[in-house]
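A.B. asks: Shown below is the structure under consideration.
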Amino acid sequence: MTSMDQIHRIRDLYYGQDKSLTEIASIEKLDWRTVRKYVDMEDFNENPPSPNEEEHSSKLDPFKPIIDKWLIEDKKAPRKQRHTAKRVHRRLKEETEDYDCSYRLTATYVAEKKKELRLKKKEGHLPLIHYPGEAQADFGTADFYENGKLHHEAKYLVLSFPFSNGGYLQLNYGENMECLLEGLVAMFEYMGGVPTEIWFDNTRTIVTEIVKGGGREVTERFQRFYEHYRFKPVFMNPDAGWEKGNVENKVGYLRRNELVPIPQFDALPAKNQDLLIACDKDMEREHYNDDDDRFISELFQKDKAALLPLPSVPFDTSLYTTARTNKYGKFTLDKGKHRYSSSPDFCEETVRLHITSSEVIVMDSDLHEVVRHRRLYGEEYESMDWIPYLRYIARKPRSLKNSGIYSMLPEPMQIYMDSSESKDRGKILKILAELTESSGFESAVNTVNTAISHKASDPDSLLNLYRRIYMDVPPLPPLKSADTIPEMEKSLFSTDLTALDAILKKGGSSDART
């Protein structure tokens, strides 16, 4: 199987060094058809997971982190003092417990891992002159309000072009891989092209290791991204931020000019589109260091003319992964910093996740959506979607207190469920699920509080109180009296019963029956 490193060399030989297909095939010792395949390849998306795809476990899995650590440390050791597969096998038998894997299984994994960790060729010196089409990328920090919610010390991605001093920014919730890729793709598509090369810091988002000689080990996901768009990534020397001073300055400039005062908006995607337009307008000014007093926008046209074409296939910037849930159907991300709910149907199981910069989507084994969360950042700890839990226990209302869900409910809901009759609890739980889906869990809790204050514990009262509080039903106006309404004759209200007595004495009631 051709590795991503070899694919990169093939494409670099063809696009960067103008080698022919046959020359590359000779250099890489490959069939020329294989070389042609990767030169023409436009889609570097990783294959998405398939429904009911089984995740095969291996007896070696518990020991793989140990092997990885040894092999990574080997990168700094002399060639003749590095681990062989036999040495790894022997050390595992001597230094670990419960290791009973075959030598063949271990040797296969060691060979694959060594291939994955192979050193890249040394990078050349960074150019001192910037050419049209070259860009630099960096993150800045800023606050913003989205739909009234403050995102404190959030991030924004800046892509600058040193040749023209043009640049764009995109607001983000954080600085993870999804934020980086989504921001870059949005700017690529807005410009209608891709920079020929982009300079980056050695951020942990994309760089896993700085190897001896100046090379970089990057994540496979980022490698797929830059191969897909055909740009060359260039990484700065450690502690040498001056090497990409253009974007460093642009980060501060755009903060002062586009993010002051603190932005307030309804939705991030629409705001980011406005920011792209605002950056275009900002280029209608003179370049600070141009002898001919040309506008940035004029120079930026040369940058745009040098851009690489957009690929015909879009790149999926999402992360597809899995997580193990606890006994309550919850799982954590970001090294345990953020916790999300799934469903009681998935307690102590592995769930599939589709993650973007703004959402965490939980899926079952058939890739059907179970629940969708807003992605958490910063000090936010837990996102809880109560709908699957309320619906689950509504099917088994008698086991409510023994389910573990009861203790998770807010105290007002516990009090309300205790005060209701057992025969009504299933219906009440269904109503609470419907209220949560309609207007949020807080509205359901507020309705329960109101019901407790009115001592109303039946399902119909709960539903009526919700409608009174949250449904937009306009009150009927008072009925106005009209002058055309006739007055009733006073004789109709006479208290003289003489005539009635006369009828009764004559047997009027029996006559009426006939």
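The values are calculated or read from the model by the stated rules, or taken from the named source; none is laboratory data. The model shown is predicted, which means the values in this text are computed figures rather than measured ones. Every residue, glycine as well, gets a Cβ built from its backbone with ideal geometry; the counts of neighbours run over all protein chains shown. Ligands, DNA and RNA are stripped out before the accessible areas are found, and what is left, the full protein with its side chains, is counted by its heavy atoms. Shrake-Rupley method; radii C 1.70, N 1.55, O 1.52, S 1.80 Å.
A.B. asks: Does residue 328 satisfy the condition of being in a loop (DSSP other than H, G, I, E, B) and among the aromatic types (Phe, Trp, Tyr)? Let's see the steps before the verdict.
C.D. replies: Working: in a loop (DSSP other than H, G, I, E, B): yes; among the aromatic types (Phe, Trp, Tyr): yes.
Yes.
A.B. asks: Tell me which residues, restricted to the range 340-352, are surrounded by fewer than 18 Cβ atoms within 10 Å (Cβ to Cβ) and touching a residue at least 40 places away in the same chain (Cβ under 8 Å). Before the answer, list the steps.
C.D. replies: Step one: of the range 340-352, the residues surrounded by fewer than 18 Cβ atoms within 10 Å (Cβ to Cβ) are 345, 347-350.
Listed by number, the residues that qualify are 345, 350.
A.B. asks: Report yes if residue 317 is part of a strand (DSSP E or B), among the hydroxyl-bearing types (Ser, Thr, Tyr) and either open to solvent by 40 Å² or more (accessible area, probe 1.4 Å) or closer than 25 Å to residue 168 by Cα (or both), otherwise no.
C.D. replies: Details: part of a strand (DSSP E or B): no; among the hydroxyl-bearing types (Ser, Thr, Tyr): yes; either open to solvent by 40 Å² or more (accessible area, probe 1.4 Å) or closer than 25 Å to residue 168 by Cα (or both): yes.
No: the conditions fail for residue 317.
A.B. asks: Related question: In the range 394-417, which residues are in a helix (DSSP H, G or I) and touching a residue at least 40 places away in the same chain (Cβ under 8 Å)? Steps first, answer last, please.
C.D. replies: Going through the range 394-417, the residues in a helix (DSSP H, G or I) turn out to be 394, 397-402, 405-408, 411-417.
Within the range 394-417, 405, 408, 412, 416 meet the criteria.
A.B. asks: Another one. Restricting the search to the range 372-414, which residues are open to solvent by 40 Å² or more (accessible area, probe 1.4 Å) and basic (Lys, Arg)?
C.D. replies: Scanning the range 372-414 gives 372, 374, 391, 395, 396, 398, 401.
A.B. asks: Does the range 265-282 include one or more residues that are assigned to a loop (DSSP other than H, G, I, E, B), open to solvent by 80 Å² or more (accessible area, probe 1.4 Å) and either out of contact with any helix residue (DSSP H, G or I) (no Cβ under 6 Å at 6 or more places or on another chain) or of a type in the set (Val, Ile, Thr) (or both)?
C.D. replies: Initially, the range 265-282 is screened for residues assigned to a loop (DSSP other than H, G, I, E, B), giving 266-267.
Now restrict to residues that are open to solvent by 80 Å² or more (accessible area, probe 1.4 Å): 266.
Of the ones still in play, those that are also either out of contact with any helix residue (DSSP H, G or I) (no Cβ under 6 Å at 6 or more places or on another chain) or of a type in the set (Val, Ile, Thr) (or both) are 266.
For the range 265-282, residues assigned to a loop (DSSP other than H, G, I, E, B), open to solvent by 80 Å² or more (accessible area, probe 1.4 Å) and either out of contact with any helix residue (DSSP H, G or I) (no Cβ under 6 Å at 6 or more places or on another chain) or of a type in the set (Val, Ile, Thr) (or both): present.
A.B. asks: Name the one entry in 209, 189, 175 that is within 21 Å of residue 233 (Cβ to Cβ), outside any strand (DSSP E or B) and out of contact with any Ser or Thr (no Cβ under 7 Å at 6 or more places or on another chain).
C.D. replies: On the way: 209 fails: outside any strand (DSSP E or B); 175 fails: out of contact with any Ser or Thr (no Cβ under 7 Å at 6 or more places or on another chain).
Of the residues listed, the single one that is within 21 Å of residue 233 (Cβ to Cβ), outside any strand (DSSP E or B) and out of contact with any Ser or Thr (no Cβ under 7 Å at 6 or more places or on another chain) is 189.
A.B. asks: In the range 283-314, which residues are open to solvent by 50 Å² or more (accessible area, probe 1.4 Å), more than 30 Å from residue 360 (Cβ to Cβ) and aliphatic (A, V, I, L, M)?
C.D. replies: 305
A.B. asks: State whether one or more residues within the range 159-172 are open to solvent by 10 Å² or more (accessible area, probe 1.4 Å) and assigned to a helix (DSSP H, G or I).
C.D. replies: No, the conditions are met nowhere in the range 159-172.
Conditions tested, residue by residue: (1) modelled with pLDDT under 85; (2) aromatic (Phe, Trp, Tyr).
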site	(1), (2)
125	yes, no
133	no, no
154	no, no
170	no, no
187	no, no
199	no, yes
209	yes, no
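A.B. asks: For the range 343-356, how many residues meet the condition of being among the hydroxyl-bearing types (Ser, Thr, Tyr), touching a strand residue (DSSP E or B) at 6+ places or on another chain (Cβ under 6 Å) and either modelled with pLDDT of 95 or more or farther than 8 Å from residue 388 by Cβ (or both)?
C.D. replies: From the range 343-356, those among the hydroxyl-bearing types (Ser, Thr, Tyr) are 343, 350, 356; that's our starting set.
Checking which are touching a strand residue (DSSP E or B) at 6+ places or on another chain (Cβ under 6 Å) leaves us with 343, 350.
Restricting the remaining residues to those that are either modelled with pLDDT of 95 or more or farther than 8 Å from residue 388 by Cβ (or both) gives 350.
Number of matching residues: 1.
A.B. asks: Could we say that residue 245 is in a helix (DSSP H, G or I), over 28 Å from residue 13 (Cα atoms) and at pLDDT below 90 here?
C.D. replies: On the way: in a helix (DSSP H, G or I): yes; over 28 Å from residue 13 (Cα atoms): yes; at pLDDT below 90: yes.
The answer is yes for residue 245.
A.B. asks: Just for the range 320-339: of the residues that are on the phi < 0 side of the Ramachandran plot and among the basic types (Lys, Arg), which one is most open to solvent (accessible area, probe 1.4 Å)?
C.D. replies: As a first pass, look at the range 320-339 and keep what is on the phi < 0 side of the Ramachandran plot: 320-328, 330-333, 337-339.
Next cut, among the basic types (Lys, Arg) only: 324, 327, 330, 337, 339.
On the way: 324: 153, 327: 127, 330: 24, 337: 102, 339: 60 Å².
Restricting to residues being on the phi < 0 side of the Ramachandran plot and among the basic types (Lys, Arg), the top hit is 324.
A.B. asks: Could you give me the residue pairs with C-beta distances under 7 Å whose first residue belongs to the range 379-393 and is farther than 18 Å from residue 334 by Cβ and in a loop (DSSP other than H, G, I, E, B), whose second residue is open to solvent by less than 50 Å² (accessible area, probe 1.4 Å) and of a type in the set (A, V, I, L, M) wherever it lies, and which are 6+ apart or on separate chains?
C.D. replies: 385/371
A.B. asks: Is one or more of the residues making up the range 52-66 open to solvent by less than 30 Å² (accessible area, probe 1.4 Å), modelled with pLDDT of 90 or more and of a type outside the set (Lys, Arg)? Even if it seems obvious, please write down each step before you answer.
C.D. replies: Looking only at the range 52-66, we keep the residues that are open to solvent by less than 30 Å² (accessible area, probe 1.4 Å), and these are 60, 63.
Those left that are additionally modelled with pLDDT of 90 or more: 60, 63.
Those still in the list that are of a type outside the set (Lys, Arg) too: 60, 63.
Checking the range 52-66: at least one residue is open to solvent by less than 30 Å² (accessible area, probe 1.4 Å), modelled with pLDDT of 90 or more and of a type outside the set (Lys, Arg).
A.B. asks: Note down all Cβ pairs under 8 Å where the first residue falls in the range 143-156 and is without any contact (Cβ under 8 Å) to a residue 12 or more places away in the chain, the second is open to solvent by less than 50 Å² (accessible area, probe 1.4 Å) and not aromatic (Phe, Trp, Tyr), and they're at least six residues apart or on different chains.
C.D. replies: Filtered contacts from the range 143-156: 150/143.
A.B. asks: Among the residues of the range 434-466, which ones are in contact with an Asp or Glu (Cβ under 8 Å, 6 or more places away or on another chain), crowded, with 16+ Cβ neighbours inside 10 Å and not in a helix (DSSP H, G or I)?
C.D. replies: Scanning the range 434-466 gives a single hit, 457.
A.B. asks: Looking at the structure I just gave you, is residue 89 part of a helix (DSSP H, G or I), of a type outside the set (S, T, N, Q) and either under 29 Å from residue 210 (Cα atoms) or at pLDDT below 90 (or both)?
C.D. replies: Criteria met by residue 89.
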